[in-house]
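Since every read-out is calculated from the coordinates, none of them should be taken as a lab result. The shown structure was predicted, so the numbers you read here are calculated from the model rather than taken from an experiment. All Cβ positions, glycine included, derive from the backbone under ideal geometry; neighbour counts span all protein chains shown.
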Protein chains: 2
Amino acid sequence: MVVPLCDRSEIFHSPAIANGYFTCAINRVGSETFPNQFTSGDGKPAHTEFGHFYGSSYITAPNGTRTPLCIKYNMVIVSPILERDDVTDIIWNTAVVINNHGRVMGKHRKNHIPRVGDFNESTYYFEGNTGHPVFETEFGRIAINICYGRHHPLNWLMFGLNGAEIVFNPSATITGLSEPLWGIEARNAAIANGYFTCAINRVGSETFPNQFTSGDGKPAHTQFGHFYGSSYITAPNGTRTPGLSRIKDGLLVAELDLNLNRQVKDVWGFQMTQRLPMYAESLTQASQLSFEPQRIK
Amino acid sequence: MVVPLCDRSEIFHSPAIANGYFTCAINRVGSETFPNQFTSGDGKPAHTEFGHFYGSSYITAPNGTRTPLCIKYNMVIVSPILERDDVTDIIWNTAVVINNHGRVMGKHRKNHIPRVGDFNESTYYFEGNTGHPVFETEFGRIAINICYGRHHPLNWLMFGLNGAEIVFNPSATITGLSEPLWGIEARNAAIANGYFTCAINRVGSETFPNQFTSGDGKPAHTQFGHFYGSSYITAPNGTRTPGLSRIKDGLLVAELDLNLNRQVKDVWGFQMTQRLPMYAESLTQASQLSFEPQRIK
C-alpha cells in the first residue's frame, strides 16, 4: 500500500502505521540521514546540525501530558541522527533504534563513508565502529544499512549473518548519480541474503546558504540536486513493491511475512552453499600487503 | 549488436566475432555447462556425457588441413566441460579458457554447487578447488563465474580482487525458478565490482530418456523446463545491453571499453571504501563454531 502524504506530520498520526509497524519506511522522514555538506568553499566546518532525532517526538495531549510517539502508536522507530562522541570528538552518521515501549535499544554507526564528488563525507564522518548489529524487536529482527552502505555487498551480508530479517537502508541520494543503481542494489541484497530490504530515499532538494564545490569543473553551487525518492521494499524472493513518488513525500505501508525468509532460503540454499570459511581465508589474504592476485597468463 | 542465428555453426563462421572477441557471449554454446540431471528414479549414475569441449572445434580447409577456430578467428574461447579427475575420481563442472593462439591457458572449477529441487547437482559435482583465477588474455583480463555461482556476491568479489575486467557467467537456468532474479544479480555484480559482466543462459529444453523427480510432490518428468536465454552484458556503471531472445538461439556482439572500469571505480570509490580487513575478520569469526551473532535486545 502506497500512501501519498501532503503533510509530513500525518505520518505519525496515521492509524495505518500504528500497531507493529516500523517507521523507517517513510520517504522523507526516515531518510534524512544528514543531507548537508559544505566540504569546501567557505572555510567553515561542515554544517552538522541537520540530524533529526525523531525518536524524541511527542504527542501533546489536551491535558498537557506528552507521550512518546513510539508508545502511542506501538511502533519501532529507526532514527538517523548526527552523533558527536563526547570523548573522542568523532562525528558519526548514526541510526538509533527505539522500540515500541519508548526504550532506546541501541545504535549503529555508518560503516562506509563516501568520497563521491559533492558527496564527499570523509571530511566530517569516520567509518563506523559498531559492527553490524541486529535489533531484536517485538516485530522482527532488524538492521540498518545506512545510505552509501547499500553499495557494499559485504555490509549487507554481515547483517544477514547476524540474523536480520528486515534491513532498512535510509538514504539521501540524488538523480544523475545513483538513480540507475537504485532498483538493483537493495533488491539484490534481499535475494542474496534471504531477508527483506527497505530502500528509502528522501524527496526534494535543499538550498544551502553558502556555495560549495567538489572541484569537478562545475561552477560552485548551493544545491546537491534532486533527491529522487522512489522508496521500495523487496522480499527475499526478489519481488518488490511499487516505488514511492520521485517528487512527493510518501508513506509506504507493507505487511511482511517473515516466514518467507526461511522458505526462500530453503529453496535456494544460498546460505548453505556460500562457503564462508573459504572467503574468510581469501579476504584475509587479499587484505595483506603481500597479496598476489590469482592471475593466469 | 544482437545477431539472431538460425544455425549454430554460423557462430564460429561469422566475421562479426572474428578478431578479438570472446565466444562465451553466445546464447546456447557458451551456456551448455552440463544440463543433464538424473538425481533419482532410475538408480543409474547421473548422466555426465553432455559436456562439450568446443575449444577442440576445427575448420576443415579444402585441402584437408584443420585449423583450430580460436586461431582462425583470433578469438578467445571459454569452454564449459565436464571434467573427471583421473586421480581422485571427482567430477567437476569446469570452464576451460583457450587463448587466441590455440593454447589452453587454464581452467576454473565451479565454486558453488546447487541443491535446488531438480537442480540438485550435489550428487555428482563437488565444490571447486581452483580459487578465483583471472586469465590475462590479449583482449582483457577475464574470469568465469559458472552458473549458480552468480547468486554468490563473494564469488563475484574475489574475481574482482584478482583483477578481472570481464566476468562471464555461463548458465543453464529455467523459467519459473531463477528468471525473476536474472536481471538483477549479474547487473549488481558489475556495479559492486567495477567490471563488465556477461550473463549467459541457454535456450530451449531437452528431453531425457528416463524420468526423474526431486520428490517435490510433482509427477516424475523427463524435462527440466524451458531454458529462457535472455543473455545480456552489463557495464560497471550499471548500464546494460538488451537481452537476447527467450526462445531462439542468438549471438550478442558488444564492444566493451575496459577503461570504463577504472573511470567508474574512481567516481564511486566502492573498492577504496570497502574495508576488506574488517570483513576478513568478521567472516573468520562467523565461520567459527563459537560464533555469536551480534544481536541487541
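Principal axis analysis of the Cα atoms in region A:159-213 yields extents of 44, 21, 18 Å, listed in decreasing size. Here the translational diffusion coefficient of region A:74-125 follows from Stokes-Einstein with Rh set to the Kirkwood radius across Cα pairs; for 20 °C and 1.002 mPa s it amounts to 174 µm²/s. All C-alpha pair distances within region A:56-212, sorted into 5 Å bins from zero, spread as 2, 8, 16, 19, 19, 15, 11, 6, 3, 1, 0 percent across the bins. Placing a label point 7 Å from Cα along the Cα-to-Cβ axis, residue B:175 is separated from the same position in the other copies by 3.6 nm, shortest listed first. Tell me which residues come under 5 Å, amide H to amide H, from residue A:90 once H is placed; ignore anything under 5 positions away on its chain. So residue A:90 has HN proximity to A:85. Taking each residue as 0.36 nm, the span from residue B:287 to residue B:221 lengthens on full extension beyond its C-alpha to C-alpha distance by 19.9 nm. In nanometers and ordered shortest first, the copy-to-copy spacing of the residue A:122 label point, defined 7 Å from Cα toward Cβ, is 4.3. Straight Cα distances below 29 angstrom link residue A:297 to the lysines B:72, B:107, B:110, B:265, with same-chain residues fewer than 8 positions distant left out. Determine the shape class of region B:170-289: with a ≥ b ≥ c the square roots of the Cα gyration tensor eigenvalues, call it rounded for a/c under 1.5, and otherwise prolate if a/b is greater than b/c, oblate otherwise. Judged from the Cα gyration tensor, region B:170-289 comes out oblate (a/c at least 1.5, b/c at or above a/b). Each other copy places its own label point for residue A:74 at 7.2 nm from this one, sorted shortest first, where the point lies 7 Å along the Cα-to-beta carbon line. Each Lys or Arg adds one and each Asp or Glu subtracts one; over the other residues with Cβ under 14 Å from the Cβ of residue B:185, this totals +2.
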